Amino acid sequence: MKRGLVLEGGAMRGLFTAGILDVMMEAGIEPDGLIGVSAGAAFGCNYKSRQPGRALRYNKRFARDKRYCSWQSWWKTGDLYNAEFGYHIIPTQYDIFDDKAFEENPMEFYAVCTDVETGKAVYKKLEKSTPLTYDWIRASASMPLASKVVELEGMKVLDGGVADSIPLQYFESIGYERNVVILTQPDGFVKEHNKLMPLMRIALRKYPKMIEAMDKRHIMYNKELVYVYEAEMAERALVIRPEKPLPIGHISHDPDEMQRVYDIGRAMGERYIDRILAFYGNHNC
């Protein structure tokens, strides 16, 4: 029985997820596979490299560094989160990503992107820790408007949350029967139609299928919430959600705010750790 970990995105709300993941890593829990969307991929990769604390650490360290996330970066490069600094300089010079551990860990790791030419999800399995792998993770977290289209291996991709925000159904389809699902919105949340669609239509005018996917994203997302709830009721998924809306926006330059959201996640992880162990089989995976 394959045991999976499914991570929703949510930009800086993903620090809630990071707190839970660190508790799980510290407990020695090793699922068979992890699939992450956007921030779920960007922070979840540290699970495969076995580096608890890293996601919070570098976000706090560079919270106010204009090289990391700034309007200056957006004007100069087309990316609010600077692609080169955030995904190639930080992990190789400032807060070293453990490439060796990533590659030696047998846990499967998938990053979800959206193909802007088809509007469909791309599920990229990443086994080697290379600059290309870093770029696939970057693409998964490249939000429309805040990022330029990423061209990788003959494809043009952006944020995976546009096409598949909570990829539980996909993970089940490839054999993951028992999945812990970490969401970044509380129970009862309903996504509304994107108010920025007029800007999206201009920015993505070359990609009509992507515009269509963006326009219908709220419908897709709310259907996925129903699917997750049904899986939870059928006891084939253990779902962890924040109890109320997380006190952070998509972007944050406040290290204290980041710490608070991470701490909420840690507290939730500590509360759920026995349930996670029991759900996965009452022993480390």
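Quick notes
- With respect to (1) in a helix (DSSP H, G or I); (2) under 20 Å from G53 (Cα atoms), the lone exception for F279 is condition (2).
Per-residue answers, yes or no, for (1) without any contact (Cβ under 8 Å) to a residue 24 or more places away in the chain; (2) within 16 Å of the chain's Cα centre (by Cα):
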site: K156; (1), (2): no, no
site: V162; (1), (2): no, yes
site: E172; (1), (2): no, no
site: G175; (1), (2): no, no
site: L183; (1), (2): no, yes
site: G188; (1), (2): yes, no
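- Within segment 249-258, none of the residues are of a type in the set (A, V, I, L, M) and either open to solvent by 90 Å² or more (accessible area, probe 1.4 Å) or over 28 Å from N59 (Cα atoms) (or both).
- Within segment 1-13, residues that are β-branched (V, I, T) have Cβ atoms under 6 Å from residues that are open to solvent by less than 10 Å² (accessible area, probe 1.4 Å) in these pairs: V6/I35; V6/L168; V6/F171; V6/N179; V6/V181, counting only partners at least 6 apart in sequence or on another chain.
- Take the conditions (1) assigned to a loop (DSSP other than H, G, I, E, B); (2) without any contact (Cβ under 8 Å) to a residue 12 or more places away in the chain; S252 misses just one of them, which is (2).
- For L56, the stated conditions do not hold, so it cannot be described as farther than 24 Å from Y176 by Cα and in contact with a Cys (Cβ under 7 Å, 6 or more places away or on another chain).
- Number of residues in segment 110-148 that are without any contact (Cβ under 8 Å) to a residue 40 or more places away in the chain and under 21 Å from I202 (Cα atoms): the value is 1.
- Odd one out for G269 among (1) small (G, A, S); (2) open to solvent by less than 40 Å² (accessible area, probe 1.4 Å); (3) in a loop (DSSP other than H, G, I, E, B): (3)
- One residue stands out in segment 1-35 among those that are among the basic types (K, R) and more than 10 Å from the chain's Cα centre (by Cα): the one that is least open to solvent (accessible area, probe 1.4 Å), namely R3.
- Test: residue in segment 17-32 that is closer than 17 Å to L246 by Cα, among the polar types (S, T, N, Q) and modelled with pLDDT of 95 or more: yes
The values are calculated or read from the model by the stated rules, or taken from the named source; none is laboratory data. Keep in mind it's a predicted model, so treat the numbers as computed, not measured. Here the Cβ is made from the backbone with ideal geometry for all residues, glycine too, and neighbour counts use every protein chain on show. Calculation scope for accessible area: heavy atoms of the full protein, side chains included, ligands and nucleic acids excluded. Shrake-Rupley method; radii C 1.70, N 1.55, O 1.52, S 1.80 Å.
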